[in-house]
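What follows is a single structure, written as C-alpha cells, with notes after it.
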Amino acid sequence: MNSRFAKFAIGQVVKHRIFPFRGVVFDVDPVFANTDEWWESIPEDIRPIKDQPFYHLLAENDENTYVAYVSEQNLLAD
C-alpha cells in the first residue's frame, strides 16, 4: 500500500467529476473500506482503484440529499 494523504479535508465542499452532485466531506478512509458487493456494483470500465483515499460525503443533487462514498480521483473542489 502506498502512503497517501487526503487531498480534501473534513468540512470541505466537493463535486463529482462526472455525475451531477456535490457534497461536504464528513469522513475519509485512506484506502477503499467498503464491501466487495459495493465495489463490484461499479461498472468495471469506470471502477476506481482501491489504493487511494475514499470520502464519505453528505451529498445532494437536484432531487435528493444522501450519503455518498467516492474515490479521490472522482472528486473536484467546489
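No value in this document is a laboratory result; all are computed from the given coordinates. Predicted model, so just to flag it, every value in this text is computed and none were measured. Cβ placement follows ideal geometry from the backbone for every residue including glycine, while neighbour counts extend to all protein chains displayed.
The GNM of the chain, with springs linking C-alpha atoms under 10 angstrom apart, assigns the highest mean-square fluctuation among P30, P20, P53 to P20. Taking each DSSP H run with n ≥ 4 as -39500 (n - 2.57) and averaging over every residue of the chain yields -1000 deg cm²/dmol at 222 nm.
How high is the relative contact order of the stretch 1-72? Use alpha-carbon pairs under 8 Å, at least six apart in sequence, and give a whole percent. This gives 31 percent for the stretch 1-72.
Report the net charge of residues surrounding Y66, where surrounding means a beta-carbon distance below 13 angstrom and charges are Lys +1, Arg +1, Asp -1, Glu -1. Every neighbour counted, the sum reads -2.
Shown here for the chain: GluC sites (Glu not before Pro) in loop regions (DSSP other than H, G, I, E, B) with at most 14 other Cβ atoms within 10 Å, namely E63. Using every pair of distinct Cα positions in the chain, the Kirkwood expression returns a hydrodynamic radius of 12.8 angstrom.
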